[in-house]
Amino acid sequence: NITTTNNTNNDICSPTHVYKAAISIGFNPYYKNESKTVEPHLIAPPEDPHRHVSSCGETLFNDMYGAEIRLSIVGYMRPELPFEGLEKLKDAIKGDIVETERLCD
């Protein structure tokens, strides 16, 4: 789960908002990052207007770079993997989002 704070970016940064999140922690082999990153993919409730109509129902928010957030990591899904192409990476992320939502229900 993720709790957002610091209401500088948009209304979702209210301390009262708690979202499920699929979180990538690592070096992102596809992009060959040299620094470890933490990338939470927020999952809003199905009725939330930020929820996107797609195969995984990902949540589309405005740019949140610089926003302060709190993460509660409650499980582990899979290791970091190299992907053959951006589409395979995107498909894996969408699958992670679907699985995270199922596990958090």
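The values are calculated or read from the model by the stated rules, or taken from the named source; none is laboratory data. Please read all numbers here as calculations on a predicted model, not as lab measurements. Here Cβ is always computed from backbone atoms with ideal geometry, including for glycine, and neighbour counts include all displayed protein chains. Surface areas here come from the heavy atoms of the whole protein model, side chains and all, with no ligands, DNA or RNA. Shrake-Rupley method; radii C 1.70, N 1.55, O 1.52, S 1.80 Å.
For the condition open to solvent by 70 Å² or more (accessible area, probe 1.4 Å), of a type outside the set (A, V, I, L, M, F, W, C) and in a loop (DSSP other than H, G, I, E, B), Pro45 does not qualify. Here Met77, Met64 are screened, and the one residue that is surrounded by 11 or more Cβ atoms within 10 Å (Cβ to Cβ) and at pLDDT below 85 is Met64. Would you confirm, using the coordinates I've provided, whether Pro46 is in contact with a Gly (Cβ under 8 Å, 6 or more places away or on another chain) and farther than 19 Å from Pro82 by Cβ? Yes: the conditions hold for Pro46.
Restricted to region 80-105, and to residues there that are open to solvent by 60 Å² or more (accessible area, probe 1.4 Å) and outside any helix (DSSP H, G or I), the residue that is farthest from Pro40 (Cα to Cα) is Glu84.
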